[in-house]
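Chemist: One structure is given below, represented as structure tokens, and several questions about it will come after.
The values are calculated or read from the model by the stated rules, or taken from the named source; none is laboratory data. The structure presented is a predicted model; accordingly, all values stated were derived computationally and were not measured. Note that we place each Cβ from the backbone using ideal geometry, even for glycine, and neighbour counts take in every protein chain shown. SASA here: full protein model, heavy atoms, side chains in, ligands and nucleic acids out. Shrake-Rupley method; radii C 1.70, N 1.55, O 1.52, S 1.80 Å.
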Amino acid sequence: MDISATITIPAKLEFLYESVDFVSSCAREQKFSNEKISEIALVIEEVFVNISKYAYAEKNDHDANIEITCKSVETKGFVIEIVDSGVPFDIMSVREPDLTSDINGRQTGGLGILFIKKLMYEVQYRREEGRNKLTLFV
Amino acid sequence: MQIKTGKEKNMLIVSVKGKIDTITAPEFEKTLFSLITQGEKNLLLNFSELDYINSAGLRSILVSAKQLKVNNGKLSFSELKGPVKEVFKISGFSTIFDIFDTQEDALK
């Protein structure tokens, strides 16, 4: 049976744990292992933090929200959709950091997006009706 | 997040319990920096009780490691668990840092 649950929360760092807890509890209902739930939580944190930091220029905008939907689709498994109406940002266009550089040469950014791509089975990005829509296939 | 420090042989052992995430990483980084500023050169991060670390935590580690290098010091790790180990592997941190299975191995 297909099921679905959605939460809409302000795109502010103080709501980070609320978003992570929401998705974690959906994942728990799907009977994922604790280790997998921890990986999912990490991905949600990285997505949420990116949006809260960069998507909205006007921080107190009342529409500066993040909408998260957890779905269990029979043919596709557990799917998480994250939507915001901030500036267009396609995470798929971001280049991977050079993972072979030594400590001195290593850049400090870019790991969050790497985790999103590596820990999920598939990631899709679409810009639709002025909104960023990120679909994560667990 | 809880941080404990203790000295053994010529190493300063920093044990971190709980989570290093976007919210707690600044405090973690501040602790490492104050140790480095005090002149500590050989830091061992024991992660046996660390359940979670995200990109903000890894950034704090990298920034501290860069500073330690400038001071001719070194940062190493012991006892990484499940999700933390996975994150170290994906980020390539497993290859740029020395990681030991046990604290005893690190002190040898």
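Chemist: Going by the alpha-carbon gyration tensor, a ≥ b ≥ c the square roots of its eigenvalues, is segment B:1-98 rounded (a/c under 1.5) or, if a/c is not under 1.5, prolate (a/b greater than b/c) versus oblate?
Modeler: Rounded.
Chemist: Is it possible to state the helix-based mean residue ellipticity at 222 nm for chain A, with each DSSP H run of 4+ residues giving -39500 (n - 2.57), the sum divided by total residues, to the nearest 500 deg cm²/dmol? What is it?
Modeler: That calculation yields -10500 deg cm²/dmol at 222 nm.
Chemist: Rounded, prolate or oblate for the protein assembly as shown? Axes are the square roots of the Cα gyration tensor eigenvalues, ordered a ≥ b ≥ c, and the cut-off for rounded is a/c under 1.5.
Modeler: In terms of gyration-tensor shape, prolate.
Chemist: If you roll a 1.4 angstrom probe over the protein chains with everything in place, what fraction of the accessible area of segment B:2-107 belongs to carbon and sulfur, to the nearest %?
Modeler: The computed percentage sits at 48.
Chemist: Continuing with this model, one more query. In the calculated pair distance distribution of chain A, what percentage of Cα-Cα distances lie above 26 Å?
Modeler: Pairs farther apart than 26 Å: 23 percent.
Chemist: Just need the Rg to Rh number for segment A:1-44, please, alpha carbons only, Kirkwood Rh.
Modeler: That ratio is 0.99, to two decimals.
Chemist: Just to confirm, what accessible area per residue do you get for chain A at 1.4 Å probe, in whole Å²?
Modeler: Value returned for chain A: 54 Å² of accessible area per residue.
Chemist: How big is the C-alpha Rg of segment A:59-138 next to the rule-of-thumb value 2.2 N^0.38 Å, as a ratio?
Modeler: This ratio for segment A:59-138 stands at 1.31.
Chemist: Nearest 20 debye, what's the magnitude of the dipole of segment A:3-137 about its Cα centre given +1 on Lys and Arg Cβ and -1 on Asp and Glu Cβ?
Modeler: My answer is approximately 260 debye.
Chemist: Considering only DSSP states other than H, G, I, E and B, which trypsin sites (Lys or Arg not before Pro) in segment B:1-95 qualify as loop sites with at most 11 other Cβ atoms within 10 Å?
Modeler: Answer in residue order: B:Lys9.
Chemist: What average number of partner chain Cβ atoms lie no more than 10 Å from the Cβ of the residues making up B:79-85?
Modeler: Shielding by partners across B:79-85 averages 2.
Chemist: Total Å² of accessible surface buried at the B-A contact, 1.4 Å probe, nearest 100?
Modeler: Counting protein atoms only, the buried area is about 2200 Å².
Chemist: Determine the gain in length on full extension of the stretch A:Phe15-A:Ser93; use 0.36 nm per residue of separation and subtract their C-alpha separation, reporting nm with one decimal.
Modeler: 25.4 nm
Chemist: Charges at C-beta only: +1 for Lys and Arg, -1 for Asp and Glu. How large is the resulting dipole of the protein assembly as shown about its Cα centre, in Debye rounded to 20?
Modeler: Magnitude of the dipole: close to 780 debye.
Chemist: Kyte-Doolittle mean at least 0.0 and Cα extent at least 20 Å along the axis: which DSSP H helices of chain B qualify?
Modeler: Those that clear 20 Å and a mean of 0.0 are B:55-70.
Chemist: Relative to the Cα centre, what is the charge dipole magnitude of chain B, using +1 at the beta carbon of each Lys and Arg, -1 at the beta carbon of each Asp and Glu, and rounding to the nearest 20 debye?
Modeler: So the dipole magnitude of chain B works out to roughly 300 debye.
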